[in-house]
Amino acid sequence: MKGTTIGILLLVLLASALIVAWHFLEPLIEERRLGWASDAGKIKEEITLAGDSWLGYFVFRSPEFKKRMREQGTNPIWIDDNAQYQERMQKFAAGEYHFIVATVDSYILNAWQTKPPFPGVIVAIIDESKGGDAIVADGTITDLNDLNRSDIKIALTPASPSEFLMKAVASHFNVHNLNIGTQWKIETDGAKGAFEMLQKSKVPVAVLWEPFVSKALQLPGCHTLLGTEKTSGLIVDIVIAHRNTIDHSPDLVNRFLQTYFQSLSYYQQDPERLVEQAAEDTNESKDGARKMLEGISFIDFNDNCQVWFGLGLTGSPAKERLASTIESTVNILKDNNDLSQDPLQGNPYTIMNSTILENLLSGRSTDLDTKFSERPGPGKTYSPDHDFANLDKPGWNNLKRVGTMKIRPIVFQSSTPILSMSGKEEIDQAAEVIGHYPHFRILIKGHTSPGGDESANHQLSEERARSVRQYLLSVHDVDQDRVMALGVGSQEQLDMAPNESYRAFKLRLQRVEFIFLEDQNKTSS
């Protein structure tokens, strides 16, 4: 009887073990069965890519990209984290994603604090905002200088490209209100909320992205103060590959980028298909999707190599816009106290990797088709050159003011128009800012303090303005038709600051201003 009981117990234990084993083995067996009975067996690996719903990332979510990757035995998994940038960077650092997409500023701001810091490197530029983001104001605000009003209120979405656009304005323009506290800032949950506040006249200014930029410009009296169609190197989207992925699976990174550029070329050659699928992706109408796409400048393979990473193509000079964009982004974040110091220690190349593009460019990846289309598509890539027609004085007087650049005093040798070494260095820094706004003309206005011979003061201010203009033309190759010098002597004085000594005030009056201007018929209203 005792032996029978033990035998029954052993049978029960064996049955239980078989049930547990089957629980774990059944999915594996079913997966193998599906693989044998279908094409699922062609998938050899999976890659994870995290981002958000920004339409510039559409190609990675597109049917074409997925199809091409799966044909190579790789299943791409797109993870939408609803723009939770810190969480994206933390999971990336933990190795949960092979790739992520983000803006340059978002990666620098959020990835330097992960463990390890900067777990990935930039391997390609996706797009640049070209009208997709804008600062829109009602009729009470004329230009960026009006943001200095003590009662100004601006609606925007925090931790977004909208906020970074305002940080760029705070860094580049003489708008002191943006550097004093946050009382001017009205935070909203997305561009729709900011648009509604502008629509209901709760704020005179809102920072928006499409399609709400277009909707805001239809409101009576509303116009663009600054749109990214007039900027360069501010809001730039990038692909970041995990360092471990590059180290252990370089071929995967090669195929990933190869497939991306092939898919982008496919959509550039069939823009209507892009519009149709983008409309489905965003749940917008075709017209809405088309408008959104117009605000995005997709960066193709050639421009990635030649313009952004400094890899020369035959017969074309190479540039390195990515390195300069990273450096200027760090400066903007420092100016806004987001960074106490440069986490890259002055070396932007620590978060860049051009090897993958170089491999594709040189054809060393012989198993891949490296013939990329050069045909322009929707949102054609950025061209750094902008032609300015020659204007007479009435033409210059008819230009619309955009804003006054923030600049430290340009120092000259005493009572002369000869630039000092520090004065030249200040103009060098101003030239970097000018590069972010390639569509604006620049009025260089010289001022002196009152007293003495006013005629001589006027002449000195004119000569100093011309000296600055000539330095920009000769050293920084600025278009001569883009820049005008004007001296006004002591006619335009400033208000004396509280507790400011007269000596300090007098020195402050001796200044050179850089004023951005644009043609009246090119503004949005």
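The values are calculated or read from the model by the stated rules, or taken from the named source; none is laboratory data. Only a predicted model underlies this, so the values are computations on that prediction, with no experimental measurement involved. With ideal geometry, Cβ positions are generated from the backbone for all residues, glycine too; neighbour counts draw on all protein chains shown.
Limited to the range 291-312, what total is found for residues that are outside any helix (DSSP H, G or I) and under 16 Å from S62 (Cβ atoms)?
Taking the range 291-312 and keeping what is outside any helix (DSSP H, G or I), we get 295-300, 309-312.
With under 16 Å from S62 (Cβ atoms) added as a condition, the list becomes 296, 298, 300.
So the count comes out to 3.
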State which residue pairs qualify: first residue within 19 Å of L55 (Cα to Cα) and inside the range 194-214, second residue among the acidic types (D, E) and crowded, with 20+ Cβ neighbours inside 10 Å in any location, beta carbons under 6 Å apart, and separation of 6 or more residues or different chains. W209/D133
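Does A83 qualify as being aliphatic (A, V, I, L, M), under 20 Å from P211 (Cβ atoms) and assigned to a strand (DSSP E or B)? Show your work before the answer.
On the way: aliphatic (A, V, I, L, M): yes; under 20 Å from P211 (Cβ atoms): yes; assigned to a strand (DSSP E or B): no.
Answer is no for this residue.
Please indicate, with yes or no, whether at least one residue in the range 412-430 is touching a Gly at 6+ places or on another chain (Cβ under 8 Å) and modelled with pLDDT under 95. Spell out how you get there, then give the answer.
Within the range 412-430, the subset touching a Gly at 6+ places or on another chain (Cβ under 8 Å) is 412.
From the residues that got through so far, the ones that are modelled with pLDDT under 95 too are 412.
Looking for residues that are touching a Gly at 6+ places or on another chain (Cβ under 8 Å) and modelled with pLDDT under 95, one finds at least one in the range 412-430, hence yes.
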Scan the range 276-305 residue by residue and report those that are among the polar types (S, T, N, Q) and touching a Pro at 6+ places or on another chain (Cβ under 8 Å). Q277
List the pairs whose first member sits in the range 329-349 and is assigned by TED's automatic domain parsing to the domain that holds N110 and in contact (Cβ under 8 Å) with a residue 12 or more places away in the chain, whose second member is part of a loop (DSSP other than H, G, I, E, B) and of a type in the set (D, E, K, R), and whose Cβ atoms are under 8 Å apart, counting only residues at least 6 apart or on separate chains? V330/D342
Using the structure shown, decide if V411 is surrounded by 13 or more Cβ atoms within 10 Å (Cβ to Cβ) and outside the structural domain of R149 (by TED's automatic domain parsing). yes
When the range 460-481 is examined, which residues are found to be in contact with a helix residue (DSSP H, G or I) (Cβ under 9 Å, 6 or more places away or on another chain), assigned to a helix (DSSP H, G or I) and more than 17 Å from G423 (Cβ to Cβ)? Q480
Filter result (buried (at least 19 other Cβ atoms within 10 Å of the Cβ), of a type outside the set (G, A, S) and in contact with a Leu (Cβ under 8 Å, 6 or more places away or on another chain)) within the range 168-203: V169, F173, V175, L178, W184, T188, F195, L198
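Has the range 88-100 got any residue that is more than 18 Å from the chain's Cα centre (by Cα), exposed (fewer than 15 other Cβ atoms within 10 Å of the Cβ), among the acidic types (D, E) and outside any helix (DSSP H, G or I)?
Applying the first criterion (more than 18 Å from the chain's Cα centre (by Cα)) to the range 88-100 yields 90-99.
Keeping just the survivors that are exposed (fewer than 15 other Cβ atoms within 10 Å of the Cβ) gives 94-96.
Next, only the ones that are among the acidic types (D, E) stay: 96.
Remaining after also requiring outside any helix (DSSP H, G or I): 96.
Among the residues of the range 88-100, at least one is more than 18 Å from the chain's Cα centre (by Cα), exposed (fewer than 15 other Cβ atoms within 10 Å of the Cβ), among the acidic types (D, E) and outside any helix (DSSP H, G or I), which makes the answer yes.
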Has the range 423-432 got at least one residue that is surrounded by fewer than 18 Cβ atoms within 10 Å (Cβ to Cβ) and assigned to a loop (DSSP other than H, G, I, E, B)? no
Here the residues within the range 466-490 that are at negative phi and without any contact (Cβ under 8 Å) to a residue 24 or more places away in the chain are Q470, L473, S474, Q480
So how many residues does the range 401-432 have that are more than 18 Å from A465 (Cβ to Cβ), within 21 Å of the chain's Cα centre (by Cα) and of a type in the set (A, V, I, L, M, F, W, C)? 1
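Listed here are the residues, each with its yes/no results for (1) touching a Gly at 6+ places or on another chain (Cβ under 8 Å); (2) at pLDDT 95 or above; (3) farther than 18 Å from Q258 by Cβ.
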residue: G35; (1), (2), (3): yes, no, yes
residue: S38; (1), (2), (3): no, no, yes
residue: K42; (1), (2), (3): yes, no, yes
residue: I47; (1), (2), (3): no, yes, no
residue: P76; (1), (2), (3): no, yes, no
residue: K91; (1), (2), (3): no, yes, yes
